[in-house]
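The values are calculated or read from the model by the stated rules, or taken from the named source; none is laboratory data. What you see is a predicted model, and the numbers here were worked out from it, not measured in a lab. When we count neighbours, we look across all protein chains shown, and the Cβ atoms used for this are built from the backbone with ideal geometry, even at glycine.
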Amino acid sequence: AMHFLGIPTTRAGTCITSDSKVIRDIFYDNHPKEEYCSIVLRIAPTFIRFGSFEIFKTLDPITGRVGPSVGRYEILYSLLDYVIETFYPEIHVKSNDLIQKYSAFFEEVVLRTARLVALWQCVGFCHGVLNTDNMSILGLTIDYGPFGFLDIYDPNHVCNASDDGGRYTYIKQPEICLWNLKKFAEAIQHALPLDVSAPLLELYEEEFKKTYMNKMRSKIGLIATECPEDENLVQELFDTMEKSGADFTNTFLCFLIVDASDADKLQSSLNMAKEKIIENCYPVEDLLNTCRPNLNSA
């Protein structure tokens, strides 16, 4: 689905299920059960991640651990050079200056990551486990674990049953991806000083906003002009969807009903689209149950 939605992603090559079984607590709720062992073969140009560069990490004040190759900066340079030469050849041939080369590479990773998460937000995709080890240096969607898509629009939706603190909610994904980029910058700071990478991180928000708004304008039919008010319009739409329990995907599909070819068709098609949107909203009873406070009867 992600590939055909136009979102950069790894691909699934094969899915193999054996007769062997393993006990798994799928939802981390202390209800383990037997599952058939299966293997999904993923395909991508590379599976090198932000976390791949953390093997050089110095002492972590929280865990008290260091990376397995701490201080081995010759490996850091080798890994950076390999990634750039193999997957960013246009950057590799552009300059022999290492700082220029590494900064151009980091800038491209920042921009690709911003575009990627913007596209996620536009289709209601929730990754579920956005740590540095699940962030591709090519700006691809990787590690399909406890992922999902929004049904009703809930900005605080958590698709990972083990994410008790809501770190990876739908609405926090852009923030978390920027945090991961900062950690990536820290991981390669021996090759690219932080005072060089920090200004490049500031490109993230602008690139995210540009990609997000271009896609959202397309989804709601604002293709003729771009207005400063568009951002507020999109936010008001999502606020209304949240309050009404509207279905994320079906709401945008209903917009296809609207026919603006002439005035008569416009009004009748608007009414039809509105009816269809309401049909796909949460029933009033379900909304009341969702909003009802959980009071302790004791």
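Only one of these is surrounded by 18 or more Cβ atoms within 10 Å (Cβ to Cβ), in contact (Cβ under 8 Å) with a residue 40 or more places away in the chain and of a type outside the set (D, E): T86, T113, T46. Name it.
T113
Hey, can you tell me all the residues within the range 32-76 that are out of contact with any helix residue (DSSP H, G or I) (no Cβ under 8 Å at 6 or more places or on another chain) and basic (K, R)?
Result: K33, R42, R65.
Could you list, in sequence order, all residues of the range 219-257 that are modelled with pLDDT of 90 or more and outside any helix (DSSP H, G or I)?
E229, G245, A246, D247
Any residue that is touching a strand residue (DSSP E or B) at 6+ places or on another chain (Cβ under 6 Å) and closer than 14 Å to F47 by Cβ - is there at least one of those in the range 117-134?
Within the range 117-134 (the criterion being touching a strand residue (DSSP E or B) at 6+ places or on another chain (Cβ under 6 Å) and closer than 14 Å to F47 by Cβ), the answer is yes, since at least one residue qualifies.
Go through F53, F105 for me and flag whichever is without any contact (Cβ under 8 Å) to a residue 60 or more places away in the chain, part of a helix (DSSP H, G or I) and within 22 Å of the chain's Cα centre (by Cα).
Going through F53, F105 in turn, just one is without any contact (Cβ under 8 Å) to a residue 60 or more places away in the chain, part of a helix (DSSP H, G or I) and within 22 Å of the chain's Cα centre (by Cα): F105.
Any residue that is outside any loop (DSSP other than H, G, I, E, B) and modelled with pLDDT under 95 - is there at least one of those in the range 155-164?
no
Name the single residue, out of those in the range 49-83 being of a type in the set (A, V, I, L, M) and exposed (fewer than 13 other Cβ atoms within 10 Å of the Cβ), that is farthest from F106 (Cα to Cα).
Taking the range 49-83 first, the residues of a type in the set (A, V, I, L, M) are 55, 59, 62, 66, 70, 75-76, 79-80, 83.
Filter once more, keeping what is exposed (fewer than 13 other Cβ atoms within 10 Å of the Cβ): 59, 62.
Details: L59: 24, I62: 27 Å.
Out of the qualifying residues, it is I62.
Table: residues versus (1) closer than 22 Å to Y102 by Cβ; (2) out of contact with any strand residue (DSSP E or B) (no Cβ under 7 Å at 6 or more places or on another chain).
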{"residue": "N160", "(1), (2)": "no, yes"}
{"residue": "R167", "(1), (2)": "no, yes"}
{"residue": "Y170", "(1), (2)": "no, no"}
{"residue": "C177", "(1), (2)": "yes, yes"}
{"residue": "I188", "(1), (2)": "yes, yes"}
{"residue": "K209", "(1), (2)": "no, yes"}
{"residue": "M213", "(1), (2)": "no, yes"}
{"residue": "S218", "(1), (2)": "no, yes"}
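Does F149 satisfy being aromatic (F, W, Y) and under 10 Å from the mean Cα position of the chain (by Cα)?
no
Which members of the range 254-273 meet the condition of being of a type in the set (D, E, K, R) and loosely packed, with under 14 Cβ neighbours inside 10 Å?
If the condition is that a residue be of a type in the set (D, E, K, R) and loosely packed, with under 14 Cβ neighbours inside 10 Å, then D262, D264, K265 are the ones that fit.
Restricting attention to the range 119-138, and to residues there that are within 10 Å of the chain's Cα centre (by Cα) and within 26 Å of Y82 (Cα to Cα), which single residue is surrounded by the most Cβ atoms within 10 Å (Cβ to Cβ)?
If we take residues in the range 119-138 being within 10 Å of the chain's Cα centre (by Cα) and within 26 Å of Y82 (Cα to Cα), then M135 is surrounded by the most Cβ atoms within 10 Å (Cβ to Cβ).
Quick one: how many residues across the range 93-102 are surrounded by fewer than 17 Cβ atoms within 10 Å (Cβ to Cβ) and in a helix (DSSP H, G or I)?
Keep residues of the range 93-102 that are surrounded by fewer than 17 Cβ atoms within 10 Å (Cβ to Cβ), which gives 93-100.
From the residues that got through so far, the ones that are in a helix (DSSP H, G or I) too are 98-100.
Qualifying residue count, the range 93-102: 3.
Restricting attention to the range 182-190, does a residue exist that is charged (D, E, K, R) and part of a loop (DSSP other than H, G, I, E, B)?
no
Looking only at residues that are at pLDDT 95 or above and small (G, A, S) in the range 129-147, which one is nearest to P32 (Cα to Cα)?
That would be S136.
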